[in-house]
Amino acid sequence: MTDIPDRDPVTGRTTTGHEWDGIRELNNPLPKWWVYTFIVTILVAVGYCVLFPAIPWLHGHTTGTLGYTARGRLDQDLSAANEAQAGMRARIAAASLEDIRRNPDLLAFAQTGGKAAFAENCAACHRAGGAGAKGFPNLADDDWLWGGKLSDIQQTVIHGIRNTDPDSRQSAMPRFGLDGMLTSGQISAVADYVLSLSTGKPLPGEGAKIFADNCVTCHGDKGQGSRDVGAPRLSDNIWLYGGDRTTVVDVITRARNSSMPAWSTRLDPVTIKMLTVYVHALGGGE
């Protein structure tokens, strides 16, 4: 005996037999446009799997008949860009930093390339535009730890600071407090003296004497600093780690000997030249 399908009394259409709280599900066919669209999506998906990498295997994936990959396309774009820039890069490689600065075409190209290299490699620490951050020098002012000439900047970029490169810039500030070289009272006194240097009115007394006995070798008798050892100038109001009294006391107590990588192991010589010219042009180059 054949079951007679239920019919909805309102529409007269057959139902699926499903019912929820008195609501019956009509047995309506899917719209043709939806069925056709579904079929097309299946065909497109199959075609994609044939043409492009799509199906994972145990040790890789299908490569697709077109052999296309996003990484391969990137390599092609980079190769095309390198070919287009080859002439200018060759000119920069052959030119001195001073020649690049004097040639408008080379200078424009170097600053554009240097800006891109800076954004990719340096901005994380020195921030956009070289504005600097706590513990990372501002490269847009005229206060330089190791010198702001083109050659100085290039040396710093190539070899870095306080790293394993044998030619990196090296210096170390003593830990006057942790190593027991000064008492807390002496540190407090010399911190007050250091802070007074930036006002132009150095405080006389114990702090001045402690500074003369322990600090002038690197920072100078007037706190003018020394680029030979990367000792910051203390007579201005520019502070690498902060100019409040708590920070100054902590720096004297614990010292700060931050490091910068040697970019010669990561960047090619032409990019380093462009980066040097860009940093020099940020505003504080000498």
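Quick notes
- For the condition basic (Lys, Arg) and under 30 Å from ILE100 (Cα atoms), LYS273 qualifies.
- Against the list (1) without any contact (Cβ under 8 Å) to a residue 24 or more places away in the chain; (2) closer than 16 Å to SER264 by Cβ, the condition ALA128 fails is (2).
- Sole exception among (1) touching a Ser or Thr at 6+ places or on another chain (Cβ under 6 Å); (2) closer than 30 Å to HIS219 by Cβ for ASP141, by number: (1)
- SER168 passes every criterion in (1) surrounded by fewer than 16 Cβ atoms within 10 Å (Cβ to Cβ); (2) over 12 Å from the mean Cα position of the chain (by Cα) apart from (1).
- Residues of the stretch 96-149 classified as out of contact with any His (no Cβ under 9 Å at 6 or more places or on another chain), under 21 Å from GLY225 (Cα atoms) and of a type in the set (D, E, K, R), total: 4
- Test: residue in the stretch 214-226 that is of a type in the set (A, V, I, L, M), buried (at least 17 other Cβ atoms within 10 Å of the Cβ) and not in a loop (DSSP other than H, G, I, E, B): no
- Only one of the numbered conditions (1) over 26 Å from GLY243 (Cα atoms); (2) in a helix (DSSP H, G or I) is not met by THR156, and that is (1).
- The criterion of being on the phi < 0 side of the Ramachandran plot and modelled with pLDDT of 95 or more does not hold for ASN237.
- Of the helices (runs of 4 or more DSSP H) lying entirely inside the stretch 1-105, those containing at least 1 residues that are closer than 30 Å to ILE272 by Cβ, touching a helix residue (DSSP H, G or I) at 6+ places or on another chain (Cβ under 8 Å) and touching a residue at least 40 places away in the same chain (Cβ under 8 Å) are 70-94, 97-102.
Conditions tested, residue by residue: (1) at negative phi; (2) touching a residue at least 40 places away in the same chain (Cβ under 8 Å); (3) under 32 Å from the mean Cα position of the chain (by Cα).
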site	(1), (2), (3)
ASP221	yes, no, no
PRO232	yes, yes, yes
TYR241	yes, yes, yes
THR247	yes, no, yes
ASP250	yes, no, yes
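The values are calculated or read from the model by the stated rules, or taken from the named source; none is laboratory data. Keep in mind the model is a prediction, meaning the values are calculated, not measured. Note that we place each Cβ from the backbone using ideal geometry, even for glycine, and neighbour counts take in every protein chain shown.
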